[in-house]
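Note sheet for the following structure.
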Amino acid sequence: MKPKELTRAIVQAFIIIVLLIGLYQVVLSIQSVLSYILIAAVVSLVGRPIAQLLKRIKFGNTLSSVTTIAILMTTFFGIVSLLLPVIFEQAKNLSLLNVNAFEATATKLMNELSIYLLDYGVDLQSWVDRSLAEVDYSFLPDTINTVLNGLSGFTIGVFSVIFISFFFLRDSGLLERMVMVFVADKNIKRVEKSIFSIKNLLSRYFIGLLVQITVLFIVYTLVLLIFGIPNAVTIALVCALLNIIPFLGPIIGTVLIVFLTMTSNLDASFASVTLPKTIYVLIGFTIGQLIDNFLTQPYVFSTSVKSHPLEIFIIILVGGLLFGPLGMIIAVPLYTALKVIFKEFYAHNKIVKALTKNI
């Protein structure tokens, strides 16, 4: 390669890198807006069958879109409202708690456990004392402010998604036209083909996700009913829905079920009733997660988005590192869309061939 060509190539590579870095910064700056658009696109994709059904029974375009949004909103807020009885009941349980008796029982258990561990050279009490002394409670005001800001952002996000979803449903070709604005005329056919494939794959993915949630819901409900946990159906539904968030969802669900199981049995003996029941429920939840990880998820990913579970695992990790929990949620749909696009435009690339051979 001649010096001039080499220099030109280096300059071009440098410019591309700078542009990519700039694009990444822009995406980070407007990631909330992009997230609203992506979520609205998903909502419209989920609601489109309802809207089409309403149109068949002579609903107008606008009316069918409004009705679909209303149905989806009712479903969403209905699920949220299911939490209220659980919250009120746990608050009631805590209000009836004999604090002194509970403290005495907990202290006794801690002492017994400390004595037991001392025989193995583990000084539990000293470790607990050191840990408590090292806790910096100054984080509490910041945490409260973060929660309040999060609630404010959530409210704005909900209304933004509803507004955007309405127009996506009302004009089914709106999103496609928005994309086509940036597409050269010679590539329109290929992009249209890509969009069609993406819709099919993502539709199957969301159906598979619904199957995954349903399986977990059934397993969780059975476990909670077997061990007599109050509000079993509601708790199981919430924990199953939390599973939508990869990795973090099951952890949050586990913490939630441990808390609810223990607070539902505060009037019972901790050592003989509450603790064993909590352990049994955790075992049941673990079985549910094993079923999900080794049966349901591989089936969903292999049949819907045509991706290997390890491939999905890496993509979810990358999404989480770049954009946090939201990135983990949208990682699979976004990756699937990118695979379809790359297959359409770079079908002869060796890496693309390997990644998209099943699509």
Only one residue in L222, L210, L216 is of a type in the set (A, V, I, L, M), assigned to a helix (DSSP H, G or I) and over 19 Å from the mean Cα position of the chain (by Cα). Which one? L222
Residue satisfying condition, being over 25 Å from I39 (Cα atoms), part of a helix (DSSP H, G or I) and modelled with pLDDT of 65 or more, within set S160, S194, S126: S126
Provide a single number: the residues in the stretch 43-75 that are among the small types (G, A, S), in contact with a Phe, Trp or Tyr (Cβ under 7 Å, 6 or more places away or on another chain) and over 13 Å from V161 (Cβ atoms). 1
Residues located in the stretch 295-321, provided they are under 16 Å from the mean Cα position of the chain (by Cα), of a type in the set (A, V, I, L, M) and over 17 Å from N358 (Cβ atoms): I316, L317, V318, L321
From the list I312, I291, I316, I279, which residue is among the β-branched types (V, I, T), without any contact (Cβ under 8 Å) to a residue 60 or more places away in the chain and surrounded by 14 or more Cβ atoms within 10 Å (Cβ to Cβ)? I312
Pick from the stretch 252-276, criterion under 30 Å from M328 (Cα atoms) and loosely packed, with under 14 Cβ neighbours inside 10 Å, ranking: modelled with the highest pLDDT: V255
Count of the stretch 167-191 residues which are of a type in the set (D, E) and assigned to a helix (DSSP H, G or I): 2
Among the candidates Y299, Y335, Y280, single out the residue that is among the aromatic types (F, W, Y) and under 25 Å from I235 (Cβ atoms). Y280
Of all residues in the stretch 331-341, how many are buried (at least 18 other Cβ atoms within 10 Å of the Cβ) and in contact with a Leu (Cβ under 8 Å, 6 or more places away or on another chain)? 5
Residue in the stretch 170-228 that is farthest from P246 (Cα to Cα), counting only those that are surrounded by fewer than 15 Cβ atoms within 10 Å (Cβ to Cβ) and among the basic types (K, R): K186
Hey, could you check the stretch 225-246 for residues that are in a loop (DSSP other than H, G, I, E, B) and either within 11 Å of the chain's Cα centre (by Cα) or of a type in the set (S, T, N, Q) (or both) and say which is nearest to I316 (Cα to Cα)? P246
G249 vs. criteria touching a helix residue (DSSP H, G or I) at 6+ places or on another chain (Cβ under 7 Å), touching a residue at least 12 places away in the same chain (Cβ under 8 Å) and either surrounded by 18 or more Cβ atoms within 10 Å (Cβ to Cβ) or assigned to a helix (DSSP H, G or I) (or both): no
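The values are calculated or read from the model by the stated rules, or taken from the named source; none is laboratory data. Quick caveat: nothing in here was measured; it's all calculated off a predicted structure. So basically every Cβ, Gly included, is an ideal-geometry build from the backbone, and we count neighbours across all protein chains shown.
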